[in-house]
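First the structure, in the form of structure tokens, and then the observations on it.
The values are calculated or read from the model by the stated rules, or taken from the named source; none is laboratory data. Keep in mind the model is a prediction, meaning the values are calculated, not measured. With ideal geometry, Cβ positions are generated from the backbone for all residues, glycine too; neighbour counts draw on all protein chains shown. Areas reflect the complete protein model, heavy atoms only, side chains present, ligands, DNA and RNA absent. Shrake-Rupley method; radii C 1.70, N 1.55, O 1.52, S 1.80 Å.
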Amino acid sequence: MITKKDVEHVAKLARLELTEDEKEMFTHQLGDVLAHVEKMNEVDTTGIEPMNHPIDFVNVMREDKKIYENTREELMSNAPDVEGEYFKVPKIN
């Protein structure tokens, strides 16, 4: 059973400021949620495999292939200003 003190404690941990009406509302709502979860715990799940998704699917992955690799010279040729091996950019204050 969720009490108003429980809701106040959770609100304090979450750094939430709740009005008295909100505390009452959340006390009832959290109580209803926990009652529903308790009802679900009564279901016999013997022989049922746990799952992480209701639809059984496989993620299709492709093999990584190197298609094209830029050379340093190609990359540096696109820069507006270069100093040695580095891009030269305006100073930021």
Mind checking which lysines have their Cα closer than 30 Å to the Cα of residue 66? Skip sequence neighbours fewer than 8 apart in that chain. 88
How tilted is helix 4-13 with respect to the longest principal axis of the chain? Cα atoms for both, answer in degrees (0 to 90, nearest 10). 10 degrees
So how strong a dipole does the chain carry about its Cα centre when Lys and Arg Cβ are +1 and Asp and Glu Cβ are -1, to the nearest 20 debye? 340 debye
Taking every pair of distinct Cα atoms and averaging 1/r, then inverting, what Kirkwood hydrodynamic radius in Å comes out for the stretch 38-88? 17.6 Å
Rounded, prolate or oblate, given the Cα gyration tensor of the chain, with a/c below 1.5 counting as rounded? oblate
List the relative contact order of the stretch 1-88 as a percent without decimals, with contacts defined as Cα pairs under 8 Å and 6+ residues apart. 19 percent
Toward the positive end of the charge dipole of the chain, about the Cα centre and with charges on Cβ (Lys, Arg +1; Asp, Glu -1), which of 3, 61, 92 goes farthest? 92
Long-range amide H partners of residue 82 with built H, under 5 Å: 88
List, in order, the whole-Hz ³J(HN,Hα) value for each residue of the stretch 60-76 obtained from phi through the Karplus relation with A = 6.51, B = -1.76, C = 1.60 and θ = phi - 60°; use x for Gly and Pro. 7, 10, 9, 6, 6, 10, 6, 9, 8, 10, 6, 8, 4, 5, 5, 5, 5
For the stretch 1-43, what Kirkwood radius comes out of the mean inverse Cα-Cα distance, in Å? 10.9 Å
Using a 1.4 Å probe on the protein heavy atoms, what percent of the accessible area of the chain belongs to carbon and sulfur? 57 percent
So, by mean Cβ neighbours within 10 angstrom, what's the order for 7-14, 50-57, 86-93 with the highest one leading? 7-14, 86-93, 50-57
Among the lysines, which have Cα under 25 Å from the Cα of residue 12 when same-chain residues fewer than 8 positions away are ignored? 4, 23
Please calculate how many Å² of accessible area the chain carries per residue, with a 1.4 Å probe and no DNA, RNA or ligand atoms counted. 104 Å²
